[in-house]
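Here is the structure we will look at, set down as structure tokens.
The values are calculated or read from the model by the stated rules, or taken from the named source; none is laboratory data. Small disclaimer: the values here were computed from a predicted structure and weren't measured. As a convention, Cβ positions derive from the backbone with ideal geometry for all residues, glycine included, and neighbour counts pool all protein chains shown. Only protein heavy atoms, including side chains, enter the accessible area calculation; ligands, DNA and RNA are left aside. Shrake-Rupley method; radii C 1.70, N 1.55, O 1.52, S 1.80 Å.
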Amino acid sequence: MQLNREKKKGITEDDLKRLVYKRNPQAHYVIKDGIVTIIKENNHPIQRFFRNRLHFNIPEESTLDLDRYGSYVFLHLDGKTNVYDLGQALGRKFDETRKYQYTRLVLYLRQLDHQNNLIIKVKGN
């Protein structure tokens, strides 16, 4: 089973089965050819000040294109599917992801949650 490395880090199969995320309803994104592009407004007061008063070239929005794996994961975060089942589906869809599917998946989800605020943890540790 793929969870050997995760168990060393304290993540068990049961933990993955309890962990559920959903997309943040405030996250703006578009889908084109199965690829998700995240759109983030650069509307912080400091950004507006530099853009409007000091005429810095700060775009009003920035984009982040997810790769095909990231897009697949992001689109399947429905608030019902647990991380274990999502990893299984990811491994079936992309055979090359199986080697480290849970290690990378958990790390990716944490980044989307904590750093980018694109997803919300519904259940889990």
Subject >> Per residue, in Å², the accessible surface of the chain once ligands and nucleic acids are set aside, probe 1.4 Å >> reply: 68 Å²
Subject >> Calculated FRET efficiency for the pair ARG104/ASN24, C-beta based, R₀ 30 Å, to 0.05 >> reply: 0.90
Subject >> √(5λ) per eigenvalue of the Cα gyration tensor, region 33-125, largest first, Å >> reply: 33, 15, 10
Original post:
Please identify the trypsin sites (Lys or Arg not before Pro) of region 9-61 that satisfy two criteria: DSSP loop assignment and at most 16 other Cβ atoms within 10 Å. Which are they?
Top reply: LYS9, ARG53
Subject >> Residue-span extension gain [THR81 to GLU13] - 0.36 nm each, minus C-alpha spacing >> reply: 23.1 nm
